[in-house]
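Participant: Handing you this structure, nothing more for now.
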Number of protein chains: 2
Amino acid sequence: MQSVHIASAYDEELKFLSKRIAAMGGHAERMVEQAVAALVNADPGLAQKVIQDDLVLDEGQREIDDKAIIIIARRQPMATDLREIVGAIRISADIERVGDLGKNVAKRVASVDGRQPNSLFRGLEALANLALTQLKEVLDVYASRSVERIGFVRDRDDQIDAMYTSLFRELLTYMMEDPRNITPCTHLLFCAKNIERIGDHATNIAETIYYIVTGDQMPADRPKGDKTDQVVLPGTVPAK
Amino acid sequence: MQSVHIASAYDEELKFLSKRIAAMGGHAERMVEQAVAALVNADPGLAQKVIQDDLVLDEGQREIDDKAIIIIARRQPMATDLREIVGAIRISADIERVGDLGKNVAKRVASVDGRQPNSLFRGLEALANLALTQLKEVLDVYASRSVERIGFVRDRDDQIDAMYTSLFRELLTYMMEDPRNITPCTHLLFCAKNIERIGDHATNIAETIYYIVTGDQMPADRPKGDKTDQVVLPGTVPAK
């Protein structure tokens, strides 16, 4: 009986990590949603709330790290369980970083006054929706460990990158049209970049889940879709 | 004798992780140095080299992760050693990310033609030197585990942030003066942000070293110095 009791307490410890990560994931999603809403509606109060909410994720990551170390030390887990635990450490770091990115969007709300063209805000919302869908579905895959469903991740990551590139060009165009757009559009450029990075973290999480379940690394070197480093917009470059 | 033999093999395994991290760190430093040199000298060949060099760090991180898991599973290490191993996983992730940031700078070389004002490139070089000094010294602290020397990290991080903020303002000013500066200066803005982030990763590594040596987390919530999210430059914002 003793060993059953111990095994079940151990299972509970592993489940605790998964549950805590699910809660952190939900929290990060809400932060990003609210950060984008604060930006679109020029709502500094909501932005402030998002900034404060980030503490919860810092704490969550720390708790998972501490707990994971204790479980490893106490249970001396073998292969699969060890991957679960190390995977939890990695995933919570990615989620914490998603929260940072949401916070960074929120911190820019005060520097963007909401008077920029509506299409920019619609574009940012669309980008955020896509990135959040990616994050949600990856966290669903984590909850169910249904790694065979993971194929959607790369296709959607490509969509996110394409949408980001188009937004990047649009922002440069507005900056060119009127120098008074330069400050707000620069901040929107960084907001767009932050949101695009959320997609990258979702991809990281997918790779970690793959590793947890299979013990293998997903093949590396997926071609990075963000091509904005090569965007050169006519009229916004020196004459030859 | 057998146990001495085993212990010494175990020590070798732990030393392997430290050595591999030192090598990864040196590689990341060189990548960043060369990326900035490629940018300043408009040298696309050197930029291409940096982009290819990033593979080495991806591989290094993967190797450390695999090795760490094997050591934990085989040796079932206790507290201090476990922190060493988990710390190695974290630090190699930070170094790999520094490499990504260097690569991102290199990828922008083709979109910046080197005809921007000299002061901008001097500013970027100075920022990179500061961030690289921070990274080097933090890696020295890791090599010697001399955690009592870690106090320099926050002061220098503040300097990095101040320098980044001033560069950010300067870049916006150039964009305002002439729309043909907008594309290159936007890319330089992202380069500056990437370099500033290297400082943040150095700080993360410092925090991990503190944790390895003491078993405690460094106090959280260090005030984030990057204040560019609040930069609003007159003439580059809509009239009230």
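Participant: So the check is Cβ under 6 Å with 6+ separation or different chains; which pairs have a first residue in the stretch A:67-81 that's more than 10 Å from chain B (Cβ to nearest Cβ) and a second one that's among the acidic types (Asp, Glu) and assigned to a helix (DSSP H, G or I)?
Facilitator: Listed by first residue and then by second, the contacts come to A:Ile71/A:Glu13.
Participant: So, one more: Among the residues of the stretch B:160-197, how many are in contact (Cβ under 8 Å) with a residue 24 or more places away in the chain and not in a helix (DSSP H, G or I)? Explain how you work it out, then say what you get.
Facilitator: If we filter the stretch B:160-197 for residues that are in contact (Cβ under 8 Å) with a residue 24 or more places away in the chain, which is where we start, we get B:160-176, B:181, B:183-185, B:187-188, B:190-197.
When the remaining residues are screened for being not in a helix (DSSP H, G or I), the result is none.
Result for the stretch B:160-197: 0.
Participant: Moving to a separate point now. Restricting attention to the stretch B:24-35, does a residue exist that is within 14 Å of chain A (Cβ to nearest Cβ) and more than 19 Å from A:Ile69 (Cα to Cα)?
Facilitator: Taking every residue of the stretch B:24-35 in turn, at least one turns out to be within 14 Å of chain A (Cβ to nearest Cβ) and more than 19 Å from A:Ile69 (Cα to Cα).
Participant: Of all residues in the stretch B:83-103 being free of Cβ contacts under 8 Å to residues at least 60 places away in the same chain and under 16 Å from the mean Cα position of the chain (by Cα), which is farthest from A:Ser92 (Cα to Cα)?
Facilitator: Here the answer is B:Asp100.
Participant: Please go through (1) among the aliphatic types (A, V, I, L, M); (2) away from every other protein chain (no Cβ under 14 Å); (3) touching a residue at least 40 places away in the same chain (Cβ under 8 Å) for B:Val50 and return the number of the only condition it doesn't satisfy.
Facilitator: (2)
Participant: If we scan the stretch A:123-134, do we find a residue that is assigned to a helix (DSSP H, G or I) and free of Cβ contacts under 8 Å to residues at least 24 places away in the same chain?
Facilitator: yes
Participant: Within the stretch B:159-199, track down each residue that is among the basic types (Lys, Arg) and over 21 Å from the mean Cα position of the chain (by Cα).
Facilitator: Matches in the stretch B:159-199: B:Arg169, B:Arg180.
Participant: Here's something else I'd like to know. Is it the case that A:Leu135 is under 20 Å from A:Cys185 (Cα atoms) and either aromatic (Phe, Trp, Tyr) or surrounded by 21 or more Cβ atoms within 10 Å (Cβ to Cβ) (or both)?
Facilitator: So A:Leu135 fails the test.
Participant: If I go through the stretch B:104-122 residue by residue, how many of them are part of a helix (DSSP H, G or I) and touching a residue at least 12 places away in the same chain (Cβ under 8 Å)?
Facilitator: Total satisfying the criteria: 10.
Participant: Quick one: is B:Ile72 of a type in the set (A, V, I, L, M, F, W, C), crowded, with 20+ Cβ neighbours inside 10 Å, modelled with pLDDT under 90 and under 27 Å from B:Ala9 (Cβ atoms)?
Facilitator: Values: of a type in the set (A, V, I, L, M, F, W, C): yes; crowded, with 20+ Cβ neighbours inside 10 Å: yes; modelled with pLDDT under 90: yes; under 27 Å from B:Ala9 (Cβ atoms): yes.
Yes, satisfied.
Participant: Related question: Among the listed residues B:Arg156, B:Arg115, identify the single one that is over 12 Å from the mean Cα position of the chain (by Cα) and away from chain A (no Cβ under 11 Å).
Facilitator: B:Arg156
Participant: Answer yes or no as to whether A:Asp226 is modelled with pLDDT under 90 and within 19 Å of the chain's Cα centre (by Cα).
Facilitator: In short, yes.
Participant: Among the residues of the stretch A:127-163, how many are touching an Asp or Glu at 6+ places or on another chain (Cβ under 7 Å), of a type outside the set (A, V, I, L, M) and more than 20 Å from A:Ala23 (Cβ to Cβ)?
Facilitator: Going through the stretch A:127-163 one residue at a time, the tally reaches 2.
Participant: Same structure, new question: From the list A:Asp140, A:Asp229, A:Asp200, exactly one residue is out of contact with any Phe, Trp or Tyr (no Cβ under 9 Å at 6 or more places or on another chain) and free of Cβ contacts under 8 Å to residues at least 40 places away in the same chain. Which is it?
Facilitator: Only one candidate passes the filter, namely A:Asp140.
Participant: I would also like to ask the following. Being within 13 Å of another protein chain (Cβ to nearest Cβ) and on the phi < 0 side of the Ramachandran plot is true for just one of A:Val231, A:Val147. Which residue is that?
Facilitator: On inspection, the qualifying residue turns out to be A:Val231.
The values are calculated or read from the model by the stated rules, or taken from the named source; none is laboratory data. Note that this is a predicted model, so its numbers are computed, not measured. Please note: Cβ atoms are built from the backbone with ideal geometry, for glycine as well, and neighbour counts cover all protein chains shown.
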